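> The structure's right below; bear with me while I get my questions together.
Readers should treat all values here as calculations from the given coordinates under stated rules, not as data from a laboratory. Given the structure is predicted, the values throughout are model-derived calculations rather than measurements. Please note: Cβ atoms are built from the backbone with ideal geometry, for glycine as well, and neighbour counts cover all protein chains shown.
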Amino acid sequence: MDIQKVTVAGGGVLGSQIALQSAYKGFDVTIWLRSEGSIERAKPKLERLRGIYKSTLEALKTDPSAWCRGLTDSADVPAEKIDELIARVDAAADSIKLTCSYDEAFGEADLVIEAIAEVLSEKEAFYAEACPHMAERAIVCTNSSTLLPSAIVGYTDRPGKFLALHFANNIWKNNTAEVMGQPATSASAYQAVVAFARAIGMIPLELKKEQPGYLLNSMLVPFLNAAEALLANDVADVETIDKAWMLGTGAPLGPFRILDIVGLSTAYNIVAASPDAANPDTTAGKIAAKLKSYIDAGKTGVNAGEGFYKYR
């Protein structure tokens, strides 16, 4: 299938990244959002990403270590070519359409990437509204971090053209795309998504079967949960836990810096899905309460300017 028009449902941390990366690589991109307020909240995210893309490319002129795999094929790029790519970033960001209209967003889309909250009821409501507006040819992917596509496919009207396409955060440099089907996914839809991932500068990681957490989050979520448990049970503070990981492993970031990048709302939705989270005396309940306190204070992570750390 020839994918040209891409609609991303949701303009959050990853939704905005998927949209700009796809536009930067030449696709016609629309972001669907629930309300005018959501549109206004998405705009600063896109502007922040525009600045990151441009400054990263500018730095590459003098510093090969600034190279990001999703932006150029190699670190060896002539300065004049980098100027062309910087101009492409502006053109891409300016080209992205933001709308609340189901018809405008989905009527002509070849590929729909759903990147809304990790809450099954919200996904069910979204697909019930959106699918009737989609063309029969449209392939639909969920960018869910932890939910299996087989848990969602029943909400759609196209089982053969539904699968998961999961991106890592900071996709312009951590350029992986996990492709995971469900039993009814057709081989043609699966391969079309693999080809799309490659076309937007990602390295497709093809899963042979469904796996909760996919590849990356099967490893990452337990790691982050362990750090959250240490904090929720008052074993140590944020900075000390991060320091233990960074000094002990040589990692550039600790778990709470990573959580700020992921976004605390996503982390909360993941832990809140645990049956134990309703009990405030359990570790899951304590983690949920701790994350909720940050979210209620507007400290949702990097995009908000503050999470476990301040970024203003």
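> For the chain, take every pair of Cα atoms, bin their distances at 20 Å starting from 0, and report each bin as a whole percent.
32, 59, 9
> If you take every residue apart from Tyr309 with its C-beta less than 10 Å away from the C-beta of Tyr309, what net charge results, scoring Lys and Arg +1 and Asp and Glu -1?
Taking every other residue near Tyr309 into account, the sum is -1.
> Binning at 5 angstrom from zero up to the longest distance, how are the C-alpha pair distances of region 23-78 distributed in percent?
Over region 23-78, the share of Cα pairs per 5 Å bin runs 4, 16, 20, 19, 15, 11, 8, 5, 1 percent.
> Still on this structure, please answer the following. With r defined as the distance between the Cβ atoms of Asp2 and Thr62 and R0 fixed at 41 Å, what FRET efficiency is calculated, to the nearest 0.05?
Details: r = 39 Å, r/R0 = 0.95.
Efficiency for this residue pair is about 0.60.
> According to the square roots a ≥ b ≥ c of the eigenvalues of the Cα gyration tensor, what is the shape class of region 77-134, taking rounded for a/c under 1.5, prolate for a/b larger than b/c otherwise, and oblate for the remainder? Let's see the in-between values first.
On the way: a/c = 3.74, a/b = 2.44, b/c = 1.53.
It is prolate, given that a/c is not under 1.5 and a/b is the larger ratio.
> Same structure, new question: Which whole-angstrom value gives the distance between the alpha carbon centres of region 1-51 and region 74-137?
Measuring centre to centre over Cα atoms gives 5 Å.
> Right, something else. For Lys299, go through the aspartates and glutamates and keep the ones whose alpha-carbon is under 15 Å away, minus same-chain ones fewer than eight residues off.
The qualifying aspartates and glutamates are Asp260.
> Between Arg137 and Lys310, what is the label-to-label distance in nm when each label sits 7 Å out along the Cα-to-Cβ direction?
Between Arg137 and Lys310, the label points sit 5.3 nm apart.
> With a ≥ b ≥ c taken as the square roots of the eigenvalues of the C-alpha gyration tensor of region 191-239, please select rounded if a/c is under 1.5 and otherwise prolate if a/b is larger than b/c or oblate if it is not?
On the way: a/c = 6.26, a/b = 2.66, b/c = 2.35.
Taking the square roots of the gyration eigenvalues as a ≥ b ≥ c, region 191-239 is prolate.
> Please report the Cα spread of region 69-165 along all three principal axes, rounded to whole Å, starting with the longest.
Projected onto its principal axes, the Cα set of region 69-165 covers 50, 28, 23 Å.
> If you don't mind, there's one more thing I want to ask. With respect to the cross-link table entries Lys54/Lys97; Lys123/Lys310; Lys209/Lys292; Lys25/Lys292; Lys43/Lys290, which display a Cα-Cα separation exceeding 25 Å?
Working: Lys54/Lys97 20 Å; Lys123/Lys310 31 Å; Lys209/Lys292 34 Å; Lys25/Lys292 37 Å; Lys43/Lys290 29 Å.
Result: Lys123/Lys310; Lys209/Lys292; Lys25/Lys292; Lys43/Lys290 exceed 25 Å.
> Separate question: Average the reciprocal distances over every distinct pair of alpha-carbons in region 216-304, invert the result, and give the Kirkwood radius in Å. Don't skip to the end; give the middle numbers.
Details: mean 1/r = 0.0760 Å⁻¹.
One over the average 1/r among Cα pairs gives 13.2 Å for region 216-304.
> Report the Cα centroid-to-centroid distance between region 141-200 and region 234-274 in angstrom, as an integer.
Each part's Cα centre sits 27 Å from the other's.
> Dividing the Cα convex hull volume of region 1-120 by residue count, how many Å³ per residue is that? Let's see the in-between values first.
On the way: hull volume 13.7 nm³, N = 120.
Given the Cα convex hull of region 1-120, per-residue volume reads 114 Å³.
> Could you list Cys141, Cys100, Cys131 in order of exposure, starting from the residue whose Cβ has the fewest other Cβ atoms within 10 Å?
Details: Cys141 26, Cys100 14, Cys131 18.
With the fewest neighbours first, Cys141, Cys100, Cys131 line up as Cys100, Cys131, Cys141.
> While we're here: Between rounded, prolate and oblate, where does region 87-227 land on the alpha carbon gyration tensor, with a ≥ b ≥ c its root eigenvalues, rounded for a/c under 1.5, else prolate if a/b exceeds b/c? Show your work: numbers first, answer last.
On the way: a/c = 1.42, a/b = 1.12, b/c = 1.27.
It is rounded, given that a/c, with a ≥ b ≥ c, falls under 1.5.
> Then there's this: Treating cross-link reach as a plain straight distance, find the aspartates and glutamates whose alpha-carbon is under 19 Å from the alpha-carbon of Lys61, omitting any fewer than eight places away in the same chain.
Lys61 reaches Asp73, Asp76, Glu80, Asp83, Glu84, Asp90.
> Most exposed first by the Cβ proxy, i.e. fewest other Cβ within 10 Å, how do Phe223, Phe126 rank? Walk me through the numbers on the way to the answer.
Numbers: Phe223 13, Phe126 20.
Ascending number of Cβ neighbours within 10 Å: Phe223, Phe126.
> Can I ask one more? Do the sum for the chain: with -39,500 (n - 2.57) for every DSSP H run of n ≥ 4, divided by all residues, what is the mean residue ellipticity at 222 nm, to the nearest 500 deg cm²/dmol? Kindly include the intermediate steps, with their values, before the conclusion.
Working: 11 runs with 143 residues, N = 312.
So the calculated ellipticity at 222 nm is -14500 deg cm²/dmol.
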